[in-house]
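Novice: Can you read through this structure? Questions will come right after.
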Amino acid sequence: HTPSSHPGWQSIVRRRELGHSVNSQLRSSIVPDLQLYKSWKGASNDVIVSAWSPDGSRFVAGATVQCDEHNMEYNRGNNLILGDLVTNSLKELPDHWVPRPTSRSSRNMGDSRLFMSVTAVQWFEDLIFSASYDNTVKLWDATSHANTRCVKTLSHSSKVQVMARSNFNPNVLATGTKSISLWNIDDASYSPLDVVQPYNRKDIELLATSLVWGQIPATKDILLAGMAEGYAEEEGVPCNGLLAMWI
C-alpha cells in the first residue's frame, strides 16, 4: 500500500480534517465576536494577576512594581486595582507598601511609601485576598465598592509568592514564600509545613511557585504545591524543582 491508501493513514487524515474543521468553527463562532470593551492605563507596571467577584460585576487586578535600589524613582502606586463594571469606575487599594529607604534619589520623591508587587489575588463572596512582596497577605472587605478596606493583615517573614484559600474551609489559607505555611485566618496564626529537600546541595533554595487545594469533597483536604529553584539572573535558567502534596 502507498501511505495515502493505508487504513491507518486514512484514519489520521480524517482526524486531522476533523480537527481543522473544529478549529475553523471555533474561530468563526468565537474569535470574531470578541471585541475590546474597555481598557485602562496607569497600573504600577505589568498586570500579572486578576480575579472576578462571584457575581461577575467587579474585578481586582494586581501588578508588579519597580522597586529595586537602581530604579526606585519609577516606583508608583496602583499596584492593586478594584474595578466595577456597573459604575464604570476603578479604585486603588493602596496598602501593599513598605517604608521607602532613605537615599539621595528618594529625598525628592515626595512619597514615603515604596509600593511592592502584588503576586496573587483571590475573591470569595465579599472578601478579597491579595498577596505581595511586602511580606503580607491582606484581606479586604469589598461589600461596598467605594468603601473597600483592608480588614486583616497576615504578616510573613519574606516575600509572599503564592497563596490558596481552601475551597471548603473559609478559615484555612496556604501561603508560599521560602516555605509553605498553613494559616488559621480567624486568629492570624500559622504553622509551617514540612518539605523534604530532595537535593543534597545546600546552595539550592526552593521557592513556592504554585499552590492549589483539592476541588471536590474527596480531595478537599489535599494541598498540592509546586516549587522551583531560586536563582540569580546571571546564573541562567534553574534546573531543579519539586512537586509536593500534603493530606
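The values are calculated or read from the model by the stated rules, or taken from the named source; none is laboratory data. As the structure is a computational prediction, the values presented were derived from the model and not from experiment. So basically every Cβ, Gly included, is an ideal-geometry build from the backbone, and we count neighbours across all protein chains shown. The protein model used for the area step is the full one, side chains on, heavy atoms only, and it has no ligands, DNA or RNA in it. Shrake-Rupley method; radii C 1.70, N 1.55, O 1.52, S 1.80 Å.
Novice: Taking H placed 1.01 Å from N in the peptide plane, check which residues at least 5 places from R113 or on another chain put their amide H under 5 Å from its amide H.
Specialist: Counting only residues 5 or more places away or on other chains, the set is R100.
Novice: Using the structure shown, select from K138/K202; K38/K152; K91/K159; K38/K178; K41/K220 the pairs with a Cα to Cα distance greater than 27 angstrom.
Specialist: Details: K138/K202 33 Å; K38/K152 32 Å; K91/K159 25 Å; K38/K178 38 Å; K41/K220 39 Å.
Listed pairs above 27 Å: K138/K202; K38/K152; K38/K178; K41/K220.
Novice: Using +1 at the C-beta of Lys and Arg and -1 at the C-beta of Asp and Glu, which of I204, G230, H145 has the Cα lying farthest in the positive direction of the dipole of the range 133-241?
Specialist: Final value for the positive-end residue is H145.
Novice: Of R100, R113, R76, which has the most accessible area with a 1.4 Å probe, and how do the rest follow in descending order?
Specialist: R76, R113, R100
Novice: With each pseudo-label sitting 7 Å past Cα toward Cβ, what's the N147-K178 distance in nm, one decimal?
Specialist: Here the modelled spin labels are 4.2 nm apart.
Novice: Debye sum, Cα scatterers, the range 154-232, no solvent: what log₁₀ I/I(0) at q = 0.14 1/Å?
Specialist: Each listed q corresponds, in turn, to -0.48.
Novice: Carbon and sulfur: what percent of the range 163-222's accessible surface (1.4 Å probe)?
Specialist: Of all accessible area on the range 163-222, carbon and sulfur atoms account for 52 percent.
Novice: Keeping all protein chains in position, work out how much accessible area C150 exposes to a 1.4 Å probe, and write it in Å² to the nearest 10.
Specialist: Accessible surface of C150 is approximately 40 Å².
Novice: While we're on this one: Please compute the Kirkwood hydrodynamic radius over the range 107-247, one decimal place, Å, based on all pairs of different Cα atoms.
Specialist: 16.5
Novice: Roughly speaking, what is the stretch gain from E73 to E92, that is 0.36 nm per residue apart minus the C-alpha to C-alpha distance, in nm to one decimal?
Specialist: 4.8 nm
Novice: S210's amide H: which non-local residues (gap 5+, or another chain) put their own amide H closer than 5 Å, with H modeled 1.01 Å from N in plane and none for Pro or chain starts?
Specialist: G226
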